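Have a look at the structure below before the remarks.
Please treat every number below as a calculation from the coordinates, not as lab data. As the structure is a computational prediction, the values presented were derived from the model and not from experiment. For neighbour counting, all protein chains shown are included, and Cβ atoms are generated from backbone atoms with ideal geometry for every residue, glycine included.
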Ligand code: PMP
Ligand code: GLU
């Protein structure tokens, strides 16, 4: 028998995981925190976190529930699931019962559980948020990017989905639709949603409707694809974005009756992994989903600021020669700088973002991590580098933003965009 004194314990990392790197969003967040610690000037446009505080009414509710210590049902606290049903009925005019809902520690975890239990090819409009594809890869699922080709086509999701389904109609598929969208800030019109729903119904495609930015639709008029395809749509929503509570880790999935078996299988996985979401957080979250004047006002102000700032950043980048869509919600922009390729002297989006960070301190994420071709000079920027509490306080009781508001209360973001635009034209 060999001496075990100097031997390393045996282990073998799953090759599917070995091939992956830590999620780009979390890496850029920690890199920026380190740069700030080292007193380096950095414009934090890399990580997409709400700049606004958690609404007082929700914080107060957490304070009152700090003593909640018991494990809650795997599916989630009944009163919270009731409040979520009320929220969806109020905001989307869709009627569900609490039994159709699962509460999880962030929607990201629920997405992983969904892909774990459902052996389907995942279809992602390009660009899409950074974590859907790696989750699929960990689980050995096939990932197909839906790419707009040729002239801009507002219905490219419906048409590329249809094309893909015709090629192989019997494959189980999951289309992930996120709107308002991370990374581009665009959303789908009712007509576009209806067309996507028609194709999905024809080919029995399940839609995961990621509506985490629904409350930050600038005009407050978010509509769900579940309106047009209720039987095949799973709605995903949570507190991370419109309630400013990303670190609370609370998300929920809403299932149609036809997908009850998926819900049940996810509950089994939840029971064997996270058990249930933290009790104080679940009790406190009830107040986030319930109707209150305070929340209505909070959302009105958040949207007003983000709309103005998003339009400002869009205009500046557009004038500087970048190609991008005007945002309709959320807090992201996805400019493409291919027209400036020779001036920028870079060949891919990773080098573009590295060069930008080194030369200006502006931190962004490369388009390639959102499923764009590596050589496209695209990047995502999150226009959230400002003190959201001070900005909100300054808006109290105001119906519009005062003159010079952005320059005063969103100063770092305005400065960062200025630097980026100067860099693009220098
Ligand atoms: N979807 C999108 C589009 C996101 O930007 C994020 C990041 N918060 C998530 C899902 C995951 O959110 P959470 O896990 O915080 O609910
Ligand atoms: N969704 C955020 C982003 O896109 C970060 C949070 C995360 O990735 O989990 O930057």
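So the values come out like this:
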item: Paramagnetic label zone (point 7 Å from Cα along Cα-to-C-beta, residue 323; backbone N under 19 Å) in the stretch 335-356; result: 335-353
item: Potential extension, residue 97-residue 315 segment - 0.36 nm per residue separation minus Cα distance; result: 74.1 nm
item: Shape call, the stretch 209-363: gyration tensor on alpha carbons, a/c limit 1.5; result: prolate
item: Cβ-based exposure ranking for 316, 186, in which fewest neighbours within 10 Å come first; result: 316, 186
item: Burial ordering of 419, 372, fewest other beta-carbon atoms within 10 Å first; result: 419, 372
item: Label zone at residue 274, where the point sits 7 Å out along the Cα-to-Cβ direction: the stretch 127-155 residues whose backbone N lies under 16 Å; result: 131-132, 135
item: D (Stokes-Einstein, µm²/s), Kirkwood Cα radius, the stretch 1-53, 1.306 mPa s at 10 °C; result: 106
item: Spin-label proximity, residue 399 to the stretch 205-229 - amide N less than 20 Å from point 7 Å beyond Cα toward beta carbon; result: 218-221
item: Segment residue 191-residue 264, length gained on full extension (0.36 nm per residue, minus Cα span); result: 23.0 nm
item: Residue order, fewest to most beta carbons within 10 Å, for 181, 402; result: 402, 181
